[in-house]
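K.L.:
Questions regarding the structure given below will be posed in turn.
The values are calculated or read from the model by the stated rules, or taken from the named source; none is laboratory data. Predicted, not measured: the structure shown is a model, and the values here were computed from it. Methodologically, a virtual Cβ is constructed for each residue, glycine included, from the backbone with ideal geometry; neighbour enumeration extends over all protein chains shown. Quick note on the areas: whole protein, heavy atoms, side chains included, nothing else; ligands and nucleic acids left out. Shrake-Rupley method; radii C 1.70, N 1.55, O 1.52, S 1.80 Å.
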Amino acid sequence: MIFQDRRKTGRLDLEATEMAVRATLHRAGARALSQLLQFPAPPDGQRRVACRCGQQAHYRELRSKPVLTAVGTVEVSRPYYWCSACGLGQFPADGELDIEKTEFSPGVRRMQTLVGQAVPFEQGREQMKVLAGLEVTTKSVERTAEAIGSDIAQREQKEIQKALRCDLPGVAGQPIPILYVQMDGTGIPVVKKETAGRAGKLPGLPAHTREVKLGCVFTQTTWDKQGYPLRDPDSTTYTGAIETAEAFGQRLYREAQERGWNRALQRVVMGDGAEWIWNLAAEHFPEAVQIVDLYHAREHLWEVARKLYPSDQGKQKGWMTVHQKRLLDKGKIKRLVRALRAIKSGDPEVAAKIGNEADYFERNAERMRYPQFRRQHLFVGSGVIEAGCKTVIASRFKLSGMFWTVQGANSIIALRCSYLNARFEDYWEERRVALAA
Ligand SMILES: [Zn+2]
């Protein structure tokens, strides 16, 4: 066909040609693969396998099913065994091939998870078609990505339980100069049933969202000429889920352990002022220095400035020069609290707001010793986790028209973190080893 076309038109349409050649090679590959996947009937004397119920399942016949592989659909024909005691049938070959209860080969499922963690499932379907020449449904990208993500999440839960029992093998290695744990929360849109009875529980968030708690761990060895901290390249790992602060604390504890918390010479926990963060830090990271993100602290002052001078930006700025630059940034929190408490406002709402803010600074004073932190070349902003909330969560979970179930979101978060943490290869390898065992 290609040559005929070339004779007729005098030119070669390379794109059409390369795609046609790929499709042809796929078909040839699928034929070869199908032959490899014709399992023989077991010889007499080997026609029984153990059944889960403790009895024996007996060979019945060869059965075939179509499986989509990296080179297209193939037919797999393999022995079927049936247990008369409990009525359960099984295909031992499916376990070996990792195609149990799925119509997709491991190679294709890996592609589906790769695209599914990165982009909306519909886009993933398109990418599979263009990049791999494979036609799959949007739903299948979603199902496969969720199934693998859920498997990853379950394995993580096992590791978390081990970490809590102090059962993890100590991760050996060099001492780590400074290790940071940062955490934050960010809302994602969910389907209606996931917010039933929860309206108003999360102040400031509309009722159609649930909060993903995201944590990250990274390390620092050095600082720049001006003394500003430098994050070690590629040292950031993420973990998160829609879950309680308690469960999230355990998750983050395990991640920190995995990253060498015990080998760290200096340990730092950072977040905004949210109370759950510091409760969690006290429980799981009691030996860490705690730092409130400077930019959140500044934002709290801005809110006061705007309350005091609602329509006068000049006065707001003047007030900030005194209270931010001379007090907050200088770590003079006691004086800042005194200054706030001294403000008299006739407006009860404004007075209450300022009182709350004074409480906030008083409560977090130890965590706002910014000049001291700077002298130690530590980070004073939680920019890493805030960027994480955008790149890990928002860019995949907060696109228009998206509504997640908690379980679906948690599966894809687990999958996405696994990729971003460069652990997906390990997961897939472990899976293969487990099948071979
Ligand atoms: Zn049985």
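K.L.:
Say we look at segment 57-81 and pick out the residues that are among the charged types (D, E, K, R) and more than 16 Å from the ligand (Cβ to nearest atom); which of these is farthest from A20 (Cα to Cα)? Outline the logic, then answer.
P.N.:
Taking segment 57-81 and keeping what is among the charged types (D, E, K, R), we get 60-61, 63, 65, 75, 78.
Applying the additional criterion that residues be more than 16 Å from the ligand (Cβ to nearest atom) yields 61, 63, 65, 75, 78.
Details: E61: 38, R63: 32, K65: 27, E75: 22, R78: 32 Å.
This residue is E61.
K.L.:
A follow-up question, please. In segment 396-437, which residues are at pLDDT below 95 and among the polar types (S, T, N, Q)?
P.N.:
The answer is S400, and nothing else.
K.L.:
Which residue is nearest to G89 (Cα to Cα), if the candidates are limited to segment 29-56 and must be away from the ligand (no atom under 16 Å from the Cβ) and of a type in the set (A, V, I, L, M)?
P.N.:
Keep residues of segment 29-56 that are away from the ligand (no atom under 16 Å from the Cβ), which gives 29-46.
Narrowing further to those that are of a type in the set (A, V, I, L, M): 30, 32-33, 36-37, 41.
Values: A30: 27, A32: 28, L33: 25, L36: 23, L37: 20, A41: 16 Å.
The residue in question is A41.
K.L.:
If you don't mind, there's one more thing I want to ask. Filter segment 395-421 down to the residues that are without any contact (Cβ under 8 Å) to a residue 40 or more places away in the chain and outside any helix (DSSP H, G or I), then identify the one that is most open to solvent (accessible area, probe 1.4 Å). It would help to see each step written out before you state the result.
P.N.:
Step one: filter segment 395-421 for residues without any contact (Cβ under 8 Å) to a residue 40 or more places away in the chain, giving 395, 400-401.
Subsequent filtering for residues that are outside any helix (DSSP H, G or I) retains 400-401.
On the way: S400: 120, G401: 70 Å².
The qualifying residue most open to solvent (accessible area, probe 1.4 Å) is S400.
K.L.:
A follow-up question, please. Residues V433, V392: which one is closer than 30 Å to I148 by Cα and in contact (Cβ under 8 Å) with a residue 24 or more places away in the chain?
P.N.:
Details: V433 fails: in contact (Cβ under 8 Å) with a residue 24 or more places away in the chain.
Exactly one of V433, V392 is closer than 30 Å to I148 by Cα and in contact (Cβ under 8 Å) with a residue 24 or more places away in the chain, namely V392.
K.L.:
Here is a follow-up. Quick test of your reading of the structure: F379 fulfils all but one of (1) in contact with a strand residue (DSSP E or B) (Cβ under 7 Å, 6 or more places away or on another chain); (2) open to solvent by 50 Å² or more (accessible area, probe 1.4 Å). Name the failing condition by number.
P.N.:
(2)
K.L.:
Output the residues belonging to segment 30-58 that are assigned to a strand (DSSP E or B) and open to solvent by less than 40 Å² (accessible area, probe 1.4 Å).
P.N.:
Just the residues of segment 30-58 that are assigned to a strand (DSSP E or B), to begin with: 38, 48-50, 56-58.
Residues satisfying the conditions are V49, A57.
K.L.:
Confirm whether K225 is open to solvent by 50 Å² or more (accessible area, probe 1.4 Å) and either in contact with a Ser or Thr (Cβ under 9 Å, 6 or more places away or on another chain) or under 21 Å from F373 (Cα atoms) (or both). Can you show your working first?
P.N.:
Details: open to solvent by 50 Å² or more (accessible area, probe 1.4 Å): yes; either in contact with a Ser or Thr (Cβ under 9 Å, 6 or more places away or on another chain) or under 21 Å from F373 (Cα atoms) (or both): yes.
Yes, satisfied.
K.L.:
Another question, then. If I filter segment 13-28 for residues that are modelled with pLDDT of 95 or more, within 16 Å of the ligand (Cβ to nearest atom) and loosely packed, with under 15 Cβ neighbours inside 10 Å, do I get at least one hit?
P.N.:
No, segment 13-28 contains no residue that is modelled with pLDDT of 95 or more, within 16 Å of the ligand (Cβ to nearest atom) and loosely packed, with under 15 Cβ neighbours inside 10 Å.
K.L.:
Still on this structure, please answer the following. Testing R6 on (1) within 16 Å of the ligand (Cβ to nearest atom); (2) over 38 Å from the mean Cα position of the chain (by Cα); (3) open to solvent by 50 Å² or more (accessible area, probe 1.4 Å), one condition comes back false. Which one is that?
P.N.:
Only one criterion in (1) within 16 Å of the ligand (Cβ to nearest atom); (2) over 38 Å from the mean Cα position of the chain (by Cα); (3) open to solvent by 50 Å² or more (accessible area, probe 1.4 Å) is unmet by R6, namely (1).
K.L.:
Out of everything in segment 82-115 that is in contact with a Ser or Thr (Cβ under 7 Å, 6 or more places away or on another chain) and not charged (D, E, K, R), what residue ends up being nearest to the ligand (Cβ to nearest atom)?
P.N.:
Going through segment 82-115, the residues in contact with a Ser or Thr (Cβ under 7 Å, 6 or more places away or on another chain) turn out to be 99, 104-105, 107-109, 112-113.
Filter once more, keeping what is not charged (D, E, K, R): 99, 104-105, 107-108, 112-113.
Values: I99: 22, F104: 28, S105: 28, G107: 32, V108: 31, Q112: 32, T113: 32 Å.
Taking the candidates together, the pick is I99.
K.L.:
Continuing with this model, one more query. Check every one of the helices (runs of 4 or more DSSP H) wholly within segment 272-336 and list those with 2 or more residues that are touching a residue at least 60 places away in the same chain (Cβ under 8 Å). Before you say what the answer is, go through the steps one by one.
P.N.:
On the way: elements: 275-284, 294-308, 313-320.
Hits in segment 272-336: 275-284, 294-308.
K.L.:
Cβ-Cβ under 8 Å, sequence separation 6+ or interchain: first residue in segment 49-72 and touching a residue at least 24 places away in the same chain (Cβ under 8 Å) and hydroxyl-bearing (S, T, Y), partner more than 10 Å from the ligand (Cβ to nearest atom) and not in a strand (DSSP E or B). Which pairs?
P.N.:
T69/A30; T69/L33; T69/S105; T69/G107; T69/V108
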